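The values are calculated or read from the model by the stated rules, or taken from the named source; none is laboratory data. None of the values given here were measured: they were computed from a predicted structure. Cβ sites come from the backbone with ideal geometry, for glycine too, and all protein chains shown count toward neighbours.
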Amino acid sequence: MRKCVSLWVAVCPLILCAGCAVGSPQGEADQFIQAHVAQVEPLARRANLAYWEAATTGQPEKFEEYAQLQLQIRRICSDPNDFARIEVLRESQNVRDPRLVRQVDKLYYSYLQNQIEPGLLSQIVALDTKVQEAYNNYRATIDGRKVTMSDIYTIFTTETDCGKREAAWRASKEVGNVIIEDFLALVRLRNEVARHLGFDNYHTMTVVTGEQSIDDLDAIFEELDRLTEAPFARLKGELDRILAKGYGISPDELMPWHYHDPFFQRTPLVYELDLDRYYKGRDVRELAEKYYASVGLPVDDILARSDLYDREGKYPHAFSHDIDRSGDVRILCNLQDTERWVETILHELGHAIYSKYHDPNEPWLLREPAHSFTTEAVAMLFGRLSRNAYWMREMLGLSDEQTAKIKAVSDRYLRFQQVLFVRWVLVMYHFEKALYADPNRDLNDLWWDLVERYQLLRRPPGPADAGWASKLHFTTAPCYYHNYMLGELLASQLHHYLVTSVLGLESDDGLSYVGDERVGLYLRENVLGPGARYRWDAMIARATGEPLTPRYFVEQFIDVSP
Ligand SMILES: [Zn+2]
């Protein structure tokens, strides 16, 4: 599922205030930005289109075109003289216009990441493309029969035969072993770049150039580990008893393939209620379209440009894609009438509206989300609704009795999902940090050490393989996963602010958001519209009256009572 990051393609800007005299630092900044954007904007648009065609068709020549365009953009951002000019502008303190300051900052980080020797840069782009292409085109097999990820998920949610489940689980990991050598070569190249630029490794570099700090992240994850350890053990014990009973085995015989997801990152649908049956036969696209229109954030234009259904050769997951920062936004999905895909389309459309509703008067460079995790937050705020009983009542026309029944169970799902997600992100965060610190260590064993510790799963017998590398994010969104967690924290913070301050309610009991345009209005004015006009921390403080905090996430989802 969550690939979600709209592809970082360019990062370079536009427009300017006519009042800045050329020759002054403001005028110089202004002029530099204009020239830069004039060069980069058309390339970025072409690259985004090429990527879209590559993902929707799987055609190798489109991947190649995308790689070439991306390389051209990176070459622009790798010019050492331009980088030196940006550094001078940034350090001079004489650029005072806040929009210019923000754009210069963004340029600084884009250029910094690209101060790479050209030969090394070409190698990285080529290898990155090769791995992505292999990933995109690989089809796993079960008993010699080719299967899609959708087939595998169907087995995970319906099959009771343990042997068939194990075969599907192993099939889902095959691609990891196919790409592992190229992937590790890519990790080493990424580290080489980071060291040239004065960072310990690529993980540190990514965090710092993303305007975040390792110490802050470590502190947040330590706190989340502490708060979720006992509640997770309790909930998983309960889950294991239910699962084991269903398979006719004892809880201590449960293996990773007995859970309903290749990485145990989603709540198995095992409680008394199966949410899928409420969505069966429903038009998932229509539900999403109707809902977003009802909160004042229409998406019909986005859906009209999107590619929504499963097809041979097509990218098997989902993402949202901003082609031009001027309204051409699209999503890719492989929709089915299940709860999982309702969540996914609501999620991807959350990213898409963030892009669509950027204030068109902001300069091009600032017409993107404040941070990748702030767009995740909006996507998650809406993605969560697929399991919200009141939302389901409004959207599916359910009776009060059905709603009450769903609520009792779906609250458990949501609580379990969130605590499970924290544990899963702890695995990803610590693994990737260790991977870039030392790519030569025994990573396959390390993976299972972390899975055992944080997710309480049992490692399969025999030598560990590189199945972990089948997690797409290691390749396409490196050192990014922590942002999903920060996104959840912010989604809860925005939800709390919407409930108490925008809608003036005591609690969210009975709240579905359906039909309330104040929701869209608040988000457009405070989050979507400003785009990257403010740094993420400033945006959050402006939009919610306080800094980013785990408080509302914990209040909403984690039962910390002993
Ligand atoms: Zn996402």
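For the reader, a short list of remarks on this structure follows.
- Of the residues in region 80-90, at least one is of a type in the set (S, T, N, Q), more than 24 Å from Arg367 (Cα to Cα) and modelled with pLDDT of 95 or more.
- Region 369-451 holds helices (runs of 4 or more DSSP H) entirely within its bounds, and those carrying 1 or more residues that are within 16 Å of the ligand (Cβ to nearest atom) and more than 21 Å from Ile558 (Cα to Cα) map to 372-383.
Results for (1) more than 30 Å from Asp151 (Cβ to Cβ); (2) hydroxyl-bearing (Ser, Thr, Tyr); (3) within 16 Å of the ligand (Cβ to nearest atom); (4) modelled with pLDDT of 90 or more, shown as yes or no for each residue.
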position	(1), (2), (3), (4)
Leu7	no, no, yes, no
Cys20	yes, no, no, no
Gln26	yes, no, no, no
Phe32	yes, no, no, yes
His36	yes, no, no, yes
Glu53	no, no, no, yes
Glu65	yes, no, no, yes
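- In region 463-474, residue nearest to the ligand (Cβ to nearest atom) [restricted to those that are assigned to a helix (DSSP H, G or I) and under 13 Å from the mean Cα position of the chain (by Cα)]: His473
- Members of region 322-358 found to be within 17 Å of the chain's Cα centre (by Cα), in a helix (DSSP H, G or I) and closer than 20 Å to Phe156 by Cα, listed by number: Arg340, Trp341, Val342, Glu343, Thr344
- Here is the figure for region 444-476: residues that are over 25 Å from Ala318 (Cβ atoms), aromatic (Phe, Trp, Tyr) and in contact with a helix residue (DSSP H, G or I) (Cβ under 8 Å, 6 or more places away or on another chain) total 1.
- Of the helices (runs of 4 or more DSSP H) that lie entirely inside region 230-316, those containing 2 or more residues that are surrounded by fewer than 17 Cβ atoms within 10 Å (Cβ to Cβ) span 284-294, 300-305.
Rundown of residues vs (1) outside any helix (DSSP H, G or I); (2) more than 16 Å from the ligand (Cβ to nearest atom); (3) touching a His at 6+ places or on another chain (Cβ under 8 Å), yes/no style:
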{"position": "Met485", "(1), (2), (3)": "no, no, no"}
{"position": "Ala491", "(1), (2), (3)": "no, no, no"}
{"position": "Leu494", "(1), (2), (3)": "no, no, no"}
{"position": "Val499", "(1), (2), (3)": "no, yes, no"}
{"position": "Leu505", "(1), (2), (3)": "yes, yes, no"}
{"position": "Leu511", "(1), (2), (3)": "yes, yes, no"}
{"position": "Arg518", "(1), (2), (3)": "no, yes, no"}
{"position": "Arg524", "(1), (2), (3)": "no, yes, no"}
{"position": "Asp537", "(1), (2), (3)": "no, yes, no"}
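Here's the yes/no breakdown for (1) surrounded by fewer than 22 Cβ atoms within 10 Å (Cβ to Cβ); (2) aliphatic (A, V, I, L, M); (3) on the phi > 0 side of the Ramachandran plot:
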site: Trp52; (1), (2), (3): no, no, no
site: Thr57; (1), (2), (3): yes, no, no
site: Gln68; (1), (2), (3): yes, no, no
site: Arg75; (1), (2), (3): yes, no, no
site: Asp79; (1), (2), (3): yes, no, no
site: Ala84; (1), (2), (3): yes, yes, no
site: Asp97; (1), (2), (3): yes, no, no
site: Gln103; (1), (2), (3): no, no, no
site: Tyr109; (1), (2), (3): yes, no, no
